[in-house]
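The values are calculated or read from the model by the stated rules, or taken from the named source; none is laboratory data. The structure displayed is predicted, hence computed values, not measured ones. In this analysis, Cβ positions are derived from the backbone assuming ideal geometry, glycine residues included, and neighbour counts consider all displayed protein chains. Just the protein is used for accessible areas: all its heavy atoms, side chains included, with ligands, DNA and RNA removed. Shrake-Rupley method; radii C 1.70, N 1.55, O 1.52, S 1.80 Å.
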Amino acid sequence: MSNKTPKLTVVGAGPGDPDLITLKALKTLASADVVLYDALINEKLLNYAPAAEKIFVGKRKGCYAYQQEQINELIVSRAKSHGHVVRLKGGDPFIFGRGAEEIDYVQQFDIETNMIPGISSSLAVPAYQGIPLTKRGSSESFWVITGTTKSHKLSQDVYLAAKSNATVVILMGMSKLSEIVSIFAAENKQNIPVAIIQNGTTENEQFGCGTVATIEKVVSEKELSSPAIIVIGEVVNQRVKLASIQKEVQKEFVN
């Protein structure tokens, strides 16, 4: 057992570009005794916790290093044995990141808990491609919806969103793309623009653009797959031209 006070800090790592993590998050990593990190975080960020034990607890396409119950138990046991546990999650942990669930579990054991927000991929990934989720004359609001619910089905909110004029951002939805475009087509929105952004904000970013009627063909031709974000709405056509600064910054971290 450690003499340190058991503590959990859930930290948002941002969408992938290591520059898109907050200063507060980096300071917290530096104080970590243990870092439990997910698959979608940029592993370069682990360098900011040089003295910490680092444990990969992520998952990819249904392949789990740990089940959620095991992660919960691991947080508690490491907090008691080591002290400060940082749970490093991609994007923002409170947006489809299960951060609140882990905090709820840990608080049962009278362990101090803290939360540091991150930049959500739902916002940052379209922005890096020059897609504004809202723009006067094109979109007055946006939905962020999970493509895969706890029961592994498409969220029913997609049906509601398809009836609106809002921009729709769908996370974890690539396996449900056929179902998604069918829902929008049923609302006579075959010509609504759609963007698919794979590995957003990283050096491996891939982009595909089409319409509800054509996006599946685009995905096939460009061999796009998860992890990717789906953006549906007129704002896709409002994509602005950006300087190459993002790509130059990413190259610095690759070299």
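Given the condition at pLDDT 95 or above and touching a His at 6+ places or on another chain (Cβ under 7 Å), answer yes or no: does some residue in the range 18-32 qualify?
Yes.
This table checks each residue for (1) closer than 20 Å to P132 by Cβ; (2) open to solvent by 40 Å² or more (accessible area, probe 1.4 Å); (3) among the acidic types (D, E).
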| residue | (1), (2), (3) |
| --- | --- |
| I170 | yes, no, no |
| K176 | no, no, no |
| S182 | no, yes, no |
| N199 | no, yes, no |
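Given (1) touching a Pro at 6+ places or on another chain (Cβ under 9 Å); (2) under 26 Å from N199 (Cα atoms); (3) among the small types (G, A, S), where does A30 come up short, assuming only one miss?
Every condition holds for A30 apart from (2).
Does the range 128-139 contain at least one residue that is under 19 Å from the mean Cα position of the chain (by Cα), open to solvent by less than 70 Å² (accessible area, probe 1.4 Å), at pLDDT 95 or above and closer than 30 Å to S31 by Cα?
Checked against the condition, which is being under 19 Å from the mean Cα position of the chain (by Cα), open to solvent by less than 70 Å² (accessible area, probe 1.4 Å), at pLDDT 95 or above and closer than 30 Å to S31 by Cα, the range 128-139 yields no hits at all.
What are the pairs, 6+ residues apart or on separate chains, where a residue within the range 216-239 that is in contact (Cβ under 8 Å) with a residue 40 or more places away in the chain has its Cβ under 7 Å from a residue that is open to solvent by 40 Å² or more (accessible area, probe 1.4 Å)?
These pairs meet every condition: L224/Q206; S226/K61; P227/L40; P227/N199; V235/K135; V236/C209; Q238/K135.
Sort out which residues of the range 99-112 are buried (at least 18 other Cβ atoms within 10 Å of the Cβ) and not aliphatic (A, V, I, L, M), and write them in order of number.
The first filter runs over the range 99-112 and keeps only residues buried (at least 18 other Cβ atoms within 10 Å of the Cβ), leaving 99, 102-103, 105-106, 111.
Residues satisfying the conditions are G99, E102, Y105.
Identify, from the list E248, E216, E252, the residue that is modelled with pLDDT of 95 or more and in a helix (DSSP H, G or I).
E216
May I ask you to verify whether K150 is among the charged types (D, E, K, R) and free of Cβ contacts under 8 Å to residues at least 24 places away in the same chain? Quick ask: steps written out before the conclusion?
On the way: among the charged types (D, E, K, R): yes; free of Cβ contacts under 8 Å to residues at least 24 places away in the same chain: yes.
The answer is yes for K150.
Quick check on this structure: which one of G58, G83, G91 is on the phi > 0 side of the Ramachandran plot and within 17 Å of the chain's Cα centre (by Cα)?
G91
So, in the range 149-168, of the ones that are of a type in the set (A, V, I, L, M, F, W, C) and open to solvent by less than 30 Å² (accessible area, probe 1.4 Å), which residue ends up farthest from K189 (Cα to Cα)?
L154
Across the range 37-86, which residue is farthest from G147 (Cα to Cα) among those that are of a type in the set (K, R) and without any contact (Cβ under 8 Å) to a residue 60 or more places away in the chain?
R78
Results for (1) assigned to a helix (DSSP H, G or I); (2) closer than 28 Å to I41 by Cβ; (3) at pLDDT 95 or above, shown as yes or no for each residue.
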{"site": "S155", "(1), (2), (3)": "no, yes, no"}
{"site": "V158", "(1), (2), (3)": "yes, yes, yes"}
{"site": "V181", "(1), (2), (3)": "yes, no, yes"}
{"site": "N204", "(1), (2), (3)": "no, yes, no"}
{"site": "C209", "(1), (2), (3)": "no, yes, yes"}
{"site": "V231", "(1), (2), (3)": "no, yes, yes"}
